[in-house]
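Reviewing the structure listed below.
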Amino acid sequence: MHSTITTPDGPFTIIADDRWVLASGWTADPKALGGLIHPRLRAGLQPTGAELVMRQAVEAVDAYYAGDVEAPSTVPVRQQSGPYRERAWETLRLVKPGNPVSYTEFAQRSGSPAAVRAAAGACARNAAALFVPCHRVLRADGTLGGFRYGPELKRRLLDRELR
């Protein structure tokens, strides 16, 4: 099941099953977003029963834009990959709004201090933007670094979380 809602930053699409958000991001194209979901999760995607999770996710996005920048952290998310990347995504969910970390610190928090490139790769492969806040990771010099939805949006999200 998917839903696209309007946000101050443009259309935001969420794909969920009956238990989890599987993908999300600032796009009106659910097909492109669905391509980010791991094939095993995509194969098991049920078209029905996602109403509760979807409602929770939409309410969290609305709350985020209304000023409750912690709301997305309460939504259940599932992504699949190797052990490091899955651990890294869980670690990202613990990065608090208004307190971005460097890729180096993110790698340390993920349990692999030398895996800075792998930490950056976990951000790049994150399918559940906002719910898994990869936008809260910066380069060591404090500059933005990459973001699937563009550096301008990353800056707006970080600025919103400082308020």
| field | Checklist (1) among the hydrophobic types (A, V, I, L, M, F, W, C); (2) surrounded by fewer than 16 Cβ atoms within 10 Å (Cβ to Cβ); (3) more than 12 Å from ALA127 (Cα to Cα) applied to MET54, failing item | value | (2)
| task | Could you list all residues from segment 29-51 that are small (Gly, Ala, Ser), open to solvent by less than 50 Å² (accessible area, probe 1.4 Å), outside any helix (DSSP H, G or I) and closer than 16 Å to ALA128 by Cβ? | result | ALA50
| request: Would you mind stating whether TYR149 is touching a residue at least 60 places away in the same chain (Cβ under 8 Å), crowded, with 16+ Cβ neighbours inside 10 Å and touching a strand residue (DSSP E or B) at 6+ places or on another chain (Cβ under 7 Å)? | output: yes
| query | Looking only at segment 1-24, which residues are more than 21 Å from LEU157 (Cβ to Cβ) and assigned to a loop (DSSP other than H, G, I, E, B)? | reply | MET1, ASP17, ASP18, ARG19, TRP20
| request: Mind counting the residues in segment 112-134 that are within 19 Å of PRO39 (Cβ to Cβ) and either open to solvent by 10 Å² or more (accessible area, probe 1.4 Å) or part of a helix (DSSP H, G or I) (or both)? | output: 4
| Do we have GLY44 as at pLDDT below 95, among the small types (Gly, Ala, Ser) and under 21 Å from ALA16 (Cβ atoms) here? | yes
| query | Here are some conditions: (1) of a type outside the set (A, V, I, L, M); (2) more than 13 Å from the chain's Cα centre (by Cα); (3) within 19 Å of PRO76 (Cβ to Cβ). PRO39 meets all but one. Which one does it not meet? | reply | (3)
| task | Please specify each residue of segment 78-102 satisfying the condition of being open to solvent by 30 Å² or more (accessible area, probe 1.4 Å) and part of a helix (DSSP H, G or I). | result | PRO83, TYR84, ARG85, GLU86, ARG87, GLU90
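The values are calculated or read from the model by the stated rules, or taken from the named source; none is laboratory data. As the structure is a prediction and not an experimental result, all values here were calculated from the model. No Cβ is skipped: glycine too gets one built from the backbone with ideal geometry, and neighbour counts run over all protein chains shown. Heavy atoms of the whole protein, side chains included, go into the accessibility calculation; ligands, DNA and RNA do not. Shrake-Rupley method; radii C 1.70, N 1.55, O 1.52, S 1.80 Å.
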